[in-house]
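J.: Here you go, one structure.
FYI, it's all coordinate maths here, none of it is from the lab. Only a predicted model underlies this, so the values are computations on that prediction, with no experimental measurement involved. Cβ sites come from the backbone with ideal geometry, for glycine too, and all protein chains shown count toward neighbours.
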Amino acid sequence: MAGPYVFQIPANAFADPVKFEVLSGDPTAYNSKIPAGLTTILAFALRVTDKNTNQRIGKFQNPITMIASNKNLTAQSLYYNVSTDGTVMESPGGTAKAGELDHPVSGATVAWILTSPSAAAGGGTSAGGGTTTPSAPSGGSGY
């Protein structure tokens, strides 16, 4: 697996060919927005552009699956949506286990963060602006 993300994209996810970009963010920027006791491990967004029209695609015809791998992910890891106004809300529906989290993704209108209990994240601190040292995300520029 190259980088921390793999996306399983079914043939019917998009009507036309797309440019699919993964934009990585600074995970520590979200620690003050999540519940105490958690540390943000990964932060990312998707930019999906229709190659025929050059228009951004917000909603997919069928969900894709995001699979993230990181040594700090645990069975207690959580997946959060981050809206354009910065609001963070837990998004149930994924499966977490040691080193991996998968979750369905039905569009590209929000960003996402993946969290783990602070003790599992290498002793980093959580809510209140602390820091941790997650594996560096790859696959694009910041958002």
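J.: List the extent of the Cα atoms of the stretch 1-68 along each of their three principal axes, largest first, rounded to whole Å.
T.: In descending order, the Cα extents are 44, 24, 20 Å.
J.: If you don't mind, there's one more thing I want to ask. I'd like the FRET efficiency for ALA75 and THR109, computed as 1/(1 + (r/R0)^6) with the beta carbon distance as r and R0 of 41 Å, rounded to 0.05.
T.: Numbers: r = 28 Å, r/R0 = 0.69.
Taking R0 as 41 Å, the efficiency between ALA75 and THR109 is 0.90.
J.: Using a cut-off of 16 Å between alpha-carbon atoms, which lysines can reach LYS51, once sequence neighbours fewer than 8 places away in the same chain are excluded?
T.: LYS19, LYS59
J.: Another question about this same structure. Rounded to the nearest 0.05, what FRET efficiency is calculated for ASP26 and ASN52 with R0 set to 41 Å and r the Cβ-Cβ distance?
T.: Numbers: r = 33 Å, r/R0 = 0.82.
Computed FRET efficiency for ASP26 and ASN52: 0.75.
J.: In square nanometres, what is one fourth of the surface area of the convex hull spanned by the alpha carbons of the stretch 5-121? Display every interim value, and only then the final one.
T.: Working: hull surface 27.7 nm².
Answer in nm², one decimal: 6.9.
J.: While we're here: By how many nm would the segment from SER83 to GLN8 lengthen if fully extended, with 0.36 nm per residue of separation less the alpha-carbon distance?
T.: Length gained, SER83 through GLN8: 24.7 nm.
J.: Further question: Ranked highest first by average number of other Cβ atoms within 10 Å, how do 35-47, 97-109 line up? Walk me through the intermediate numbers first.
T.: On the way: 35-47: 21.2, 97-109: 16.5.
Sorting 35-47, 97-109 by mean packing, highest first, produces 35-47, 97-109.
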